[in-house]
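Encoded as C-alpha cells, the structure appears first; notes follow it.
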Amino acid sequence: MMGTKERAFARLVNVSLEKLVPADHFYRQVERTLDLSFVRECVQPMYASGGRPSIDPVVFFKLQLVMFFEGIRSERQLIRQAADRLSVRWYLGYDLDEPLPDHSSLSKIRTRYGLDVFRWFFDAIVQQCQQAKLVWGKELYLDSTQVNANADLDSLTPRFAVEAREAIQRHLTALFAQENQGDEEEGGESMDAPMSEGSSNTGTCLQPTSLPVALSQQEQEELETERSMRHDWIVEEGRQQREIHGLYQRSADFQISTTDPDATPMRLKNGGLHLGYHTHYVVDGGKRRIILEALVTPAEVMDNQPMLDLLWHVRFRWHVRPRQITGDTKYGTIENIKAIEDAGMRAYIPLPDWDQQRPPYFGPSKFTYDAVHDRYVCPNGQLLHLSRMEYKAEKVEYRAEAATCNACPLKAQCTPSNHGRQVHRSFHANYLERVRGYQQTLAYQKALKKRKVWVEPLFAEAKDWHGMRRFRLRRLWRVNCEAQVIAAGHNLQQLLKKRGWGRRPFPTDAICASFGLFWMLCSLTFARKISSFADCLSFFKDEEVRFPLC
C-alpha cells in the first residue's frame, strides 16, 4: 500500500536552538572568537535615550558577517536565508518563532552609522588580530585592484549640468530654510562660516619638503604651504580633489554618472571600458596576511596617490615599524620613495622605465651622469651642461649645445629638436639610485616574488567568493563600507584559524594502531626465523635474507 504524507505541522514544544545547532558549528566558533559588544558603545550617541527600541547594532554587524561568509549579494536574499537557517538564527539570537528585521532596515541603519562606524568595526578586528600575535609588522605590501561599479556607461552625462542642478537645489533649500526660521536667525551664526579647527585635515599631513634656497622667501612660503595642505585620502574617504587638476583633464572631469556619481570610467585589461573603483590594501608580511588598511577610491585616482596616507595611517595606528615597503611599479614615484626612505624604511618598488616614454629616441638611461662635474655625457660622448633649475618641479635641466647636436651622427636617434637635446634630473635622484641598488640584492627579489602571492590572492578570494568583482552598493562612502566588511571578514577568518577552526585533529589513534600492527608483524617474523642467538647472527650475516615489508 502506497503511503501519502500529509502536510500537517504541530506546534513544537520544549525545543531550543541550543540543542538543534551542533556544538562544533562554524557560527558557534565565530561567536566564541569575536565579541561584538563593543559596537553598542560606539553607536550609543546616535540613538535617543527614549522611544521604541531599535534593532540591536550587534545583530546588524552579525548580518554583515553572515553576508560575507555566505557570499550573499542581496540584503533581501540575506534575510530570506537567515529566516530558515537554524544556525544563523542562533548566531543572531532570534528564536524559531521570532521575526527577523526587515531588509530595508539594514540600509537605514547603514546610513545612520556612516563610514566611521564601519572603520571602527574593521579596526577592532585588526586590534584583536594584533593581540593574538597575528600581525608581524616588519614588512608591508601594497596593491590595488579594479572593481566594477553598480552603474552603466549609459548613465554618463555632462558634469556641469549635474553640478549646476545640485547647486540650484542647495540654494533653494537654504532660501526656504531662512524663510521658515524667520527673524529668529538674524543674530545667529552664518551659513558660510569657516570650518572649525577640529574638521581641518592639515593636522595629519606630512611636513613640507625643504627646497634649495633659490626662490624668494614669499615663493618658498607659498610652495611649502601648498604642499603642507596636501589631500588626505583617508579623511576624505578616497574622494578626488578635483579643484587642483591643472590643465590635464580626465573624462571624469567633464562627465558624471547619474546612477553612481562617484564611479568614474576605467580601462580594463582586456580593453573594455567600465565604471568602477580602485580598492587599495595594505597587507602585513606575516604568514596570516592580515589586512591592516583598506580604502576605495574612484577609478580616476592613481595607485600612488593615496599610498603615503595609507602607509602613515598603518604605521602610527598599529605602532608597527616595518623594515621594507613593497609595491609594484605604479607606486614608484619620487615623492613616495623619498618619503619611505626618509622614514628609515627600504622602498622595494620597481622604478618605471622612462625610456619607453620617448620612442624611438634615446631615453634618459642612455645618458651617463658625471657627479664630479655635475653634467651628463650623451651616447656619442658629448656633454650636456646645467641649463636651468625648475624649483617648483624640483628638477634640473641639462642641455647640449645646439650646434653640437645638429652635427652629431646620432641626432636622428636622439632628438628631433634643433635646439639641442635636454635631460632632466630630479633634486632627489639620489633616492632613485639607492632603490636601483636594492634591485641587485636577494632580499629585493624575494620581496617582489612574495608580493605576487601575498596580496593578489586576497583580491581573487574577495572577487570569487565574497562578491567584490562588482560592488552591490552605490556612492563612495557605501562601497567603502562594503570593502571594510570584506577586509574585516578576511581578518576574522585568520583569527578563527588561529583559534583552531578548520584544523584537523592529530590522528593519534590511527598512528598507535599502525605502530601496534607493525610491531606485531615484526615480532612474528623474528620469532619464526630466529630461534637462538647463533641463528640471529647468521640471519644478519646472510645477504640473501631480506626483511619483509611491514
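Annotations for the structure displayed:
- Here the spin labels are modelled as points 7 Å beyond Cα on the Cα-Cβ line, and at GLU397 and LYS498 they lie 5.6 nm apart.
- Within a straight-line Cα-Cα reach of under 27 Å, LYS330 can be paired with the following lysines, leaving aside sequence neighbours fewer than 8 residues apart in one chain: LYS138, LYS269, LYS287, LYS338, LYS366, LYS392, LYS395, LYS446, LYS449, LYS450, LYS452, LYS463.
- Principal semi-axes in Å for the range 17-113 [√(5λ), Cα gyration tensor, largest first]: 23, 16, 13
- Sequence-distant residues sharing a close amide H with GLY276 (under 5 Å, placed H): ALA149, THR264, MET266, ALA299
- Net length available on complete extension from ALA132 to VAL235 is 34.2 nm, with 0.36 nm assigned per residue and the Cα-Cα distance removed.
- Phi-derived couplings, Karplus 6.51 cos²θ - 1.76 cosθ + 1.60 at θ = phi - 60°, listed residue by residue for the range 52-69: 6, x, 8, 5, 4, x, 5, 5, 4, 6, 5, 5, 5, 5, 4, 4, 5, 5 Hz, with x used for Gly and Pro.
- Across the range 284-297, coupling constants 3J(HN,Hα) worked out from phi with the 6.51/-1.76/1.60 Karplus curve, θ = phi - 60°, read 6, x, x, 5, 7, 6, 6, 7, 8, 7, 9, 8, 10, 10 Hz, and Gly and Pro carry x.
- Three principal axis lengths of the range 286-422 [C-alpha, angstrom, descending]: 61, 34, 30
- Using θ = phi - 60° in the Karplus curve 6.51 cos²θ - 1.76 cosθ + 1.60, the 3J(HN,Hα) couplings for the range 106-120 round to 5, 5, 5, 5, 4, 5, 5, 6, x, 6, 4, 5, 5, 5, 4 Hz; x is entered for Gly and Pro.
- Taking amide H as placed 1.01 Å from N in the peptide plane, LYS395 has its amide H under 5 Å from the amide H of GLU390, PHE427, each at least 5 places away in sequence or on another chain.
Laboratory data are not the source of any read-out in this text; all were calculated from the coordinates shown. Computed from a predicted structure; not experimentally measured. When we count neighbours, we look across all protein chains shown, and the Cβ atoms used for this are built from the backbone with ideal geometry, even at glycine.
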